[in-house]
1. For B:L90 and B:T33, compute 0.36 nm times the residue count separating them, minus their Cα-Cα distance, and round to one decimal in nm.
2. Rounded, prolate or oblate: pick one for chain B, where a ≥ b ≥ c are the square roots of the eigenvalues of its C-alpha gyration tensor, a/c under 1.5 means rounded, and failing that, prolate if a/b is larger than b/c, else oblate.
3. Need the list of aspartates and glutamates near A:K66 for cross-linking: C-alpha distance under 16 angstrom, and skip anything on the same chain fewer than eight residues off.
4. When the helix-only estimate is applied to chain B (DSSP H runs of n ≥ 4, each -39,500 (n - 2.57), divided by the residue count), what is the mean residue ellipticity at 222 nm, nearest 500 deg cm²/dmol?
5. Could you work out, for the protein assembly as shown, what percent of all Cα-Cα pairs fall into each 20 Å distance bin, beginning at 0 Å and stopping at the bin that holds the largest distance?
6. For the stretch A:125-274, give the magnitude of the charge dipole about the Cα centre (Cβ charges: +1 Lys/Arg, -1 Asp/Glu; no others), in debye to the nearest 20.
7. Quick one: compute the contact order of chain B, relative version, from alpha carbon pairs under 8 angstrom and 6+ residues apart, as a percent.
8. Which FRET efficiency value, to the nearest 0.05, do you get for A:K373 and B:I274 by plugging their Cβ-Cβ distance into 1/(1 + (r/R0)^6) with R0 = 41 Å?
Amino acid sequence: MLSSSARRGAAVLLSAAVLTTLTACGAAPDQKSGGADGAKNGVQPGAATSVADFGSLEALAAAAQKEGELNVIALPPDWANYGEIIKAFEAKYKIKVNSENPDASSADEIAAVKSRKGQKRAPDVLDLGIAFARSGAAENLFAPYKVTAWDKIPAGQKDADGRWTNDYGGYVSIGCDAARIPTCPQTFADLLKPEYKGKVALNGNPTKSGSAFGGVYAASLANKGSFADIQPGIDFFGQLKKSGNFIPVESTPATVEKGETPISIDWDYLNAGYADQFKGKGVDWKVAVPTDGVYAQYYSQAINKEAPNPAAARLWLEFLYSAEGQNLWLKGYARPVLLPGMTQDGTADQAAVAKLPQVQGTPAFPASEELDKAKATLAEKWDKALS
Amino acid sequence: MSSTTDSRAADGTRRRRRGPRTWLATLPLLAFTGLCFGIPLGAMAYGAVTRTDPASGATQVTGEHLARSLQGPYLGSLIGSVQLSALTALVGGVLGVVIAQAVVTSRSAGLRSAALTASGVLANFGGVPLAFAFIATVGISGVVTRLADLTSLGWNLYSFTGLTVVYLYFLIPLMVLVIAPALDGLRPQWREAAQSSGATGRQFWRHVGLPVLAPSLLGGFVLLFGTAFAAHATAAALVGGSVPLVTLKIADALSGNVLTGQENVALALGLDMILIAGLVMAIYLPLQRRSARWLR
């Protein structure tokens, strides 16, 4: 046991030591960079538009480590392998990831950015539906940043100023429980067959859920519709409802497992992920990308313009668009945006690529106006067609 | 009951009640109510009638959102919600009264406490768990559906009728809870007096029972209507978009992945909901005051 005076002496010594270390830490980068944050040429991390502004990836990592934390929002661990991605990032850079409200929607993300302006717990990075990425950029909420792999991302998949960049996506697919359904439907036309009465579900309400919206869009393409004309898709689901095939239950892993939604139209990466999840649970989940209605959609990454951890946010993006990050998405059956290039230069995880549902051709994307028009039509006509 | 004795005892001093000291005592309550209801209401009303331009940040007053909330699918959802709430409140109210009367008049204390406890639990059993309980029992592949082959009888849980049945599951117990004390207040002596004066059971209810109960019945109906009108999670889990309901529309517009820039319409819909609730109260309050005369 130490006497009280000895303890006091030790405390004084200790605090002196801490103070010296602290000032030393604070002073060192000052001399090198002229800023307290490790950025080169006096550029603040919040203003950096590429890794060059930091000098190197190592400098960026050092600046991010000094912040020590990263606030993410709306990243469900069982969605596109985000659980593993977060763990890998934490382990690699020793940065704590605060994952808030994993099941939030894109609208919630934008609301969080707006309502927590200037707060320490505002989200640093966002994973948004494309419409929200565009509207958020128009509202000037995002910081422009071009990742190292910027040039390899196709022009249609990124904002010219780098305010948002597509990250991963997938195709509308039909999941089907082969243990309950003798012949699984392969196309949208198949879904109308009387044998599927009371069996076909969407992942939610298309005026709210992005994947359900994709389902209606794909059904439209399958029925002589176009990106500008979603009406045939709405009519198709109206027809499904009339024949009794469509059930309005929002399909989730729980409803699938119980057999409530034995056929579910959803993103192929979610359906393919369910197949793994259900192995050994009496569910034989098969995934088909319908050949008559091929529709792909990508989500987008964006950095909060007023991110409380600006360097960590930029490091997160560099990680996601590295071969490591892209392969982790791939492992979750999502198709990362750099996949075509990675397949060519051999950095793609071949085993994971082989497990993806087969699709012919390359995806096409609706223009901004076409998307807006389709949404307006859907919001106006969906209720009437389904009730 | 206690309020009637109070007012009789305080007859001579009624004027003093409005004195400044009693007002002072209610100040904390008024301040609390003003803060907790006033601020959200103000924010909602402000958002419903203004529009902020995303590029310039300029805000201007507009009636556009309110107009849109009263058109097309939004109007449809308001009508759908009112229809569903009125129907479920009516059916739930009638069944609740019948059950409560049976429980109150039965002489079994065990049945009484069991029924009231169960009602207390069930009235608060809502949301997603309730929806899943129904899906598992009478959904498309539910246990009961398959055993009794309900589908061939035309049963469909994911419809207006299905939703009505699910809502009744928590509305009937709520009505039992609300109305049981009022039924207790119907003194057996009144019925005996009516009987000894030669009144039939029907006449007793027509001239004594119902008039005395009317305020409580109306109150129960309004409460049930409000509960059904504001319910969201159960309906969201069960029917998604196929039964148009205003709470679901607000959720779509406010926190979806598809529609952008609809927040103000959602606020306008919220304002519409408050107006409808206010309207129901405006009908209820004068009626209640009129029937309350019977209690004097």
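1. Length gained, B:L90 through B:T33: 17.5 nm.
2. In terms of gyration-tensor shape, oblate.
3. Here the aspartates and glutamates satisfying the reach criterion relative to A:K66 are A:D30, A:D37, A:E58, A:E90, A:D124.
4. About -23000 deg cm²/dmol.
5. The calculated distribution, bin by bin, is 15, 40, 29, 14, 2, 0.
6. In debye, rounded to 20, the stretch A:125-274 gives about 300.
7. Working: 292 pairs, mean separation 83.6, N = 296.
The value is 28 percent.
8. 0.80
Each reported figure results from applying straightforward, stated rules to the coordinates on display, with no laboratory input. Keep in mind it's a predicted model, so treat the numbers as computed, not measured. No Cβ is skipped: glycine too gets one built from the backbone with ideal geometry, and neighbour counts run over all protein chains shown.
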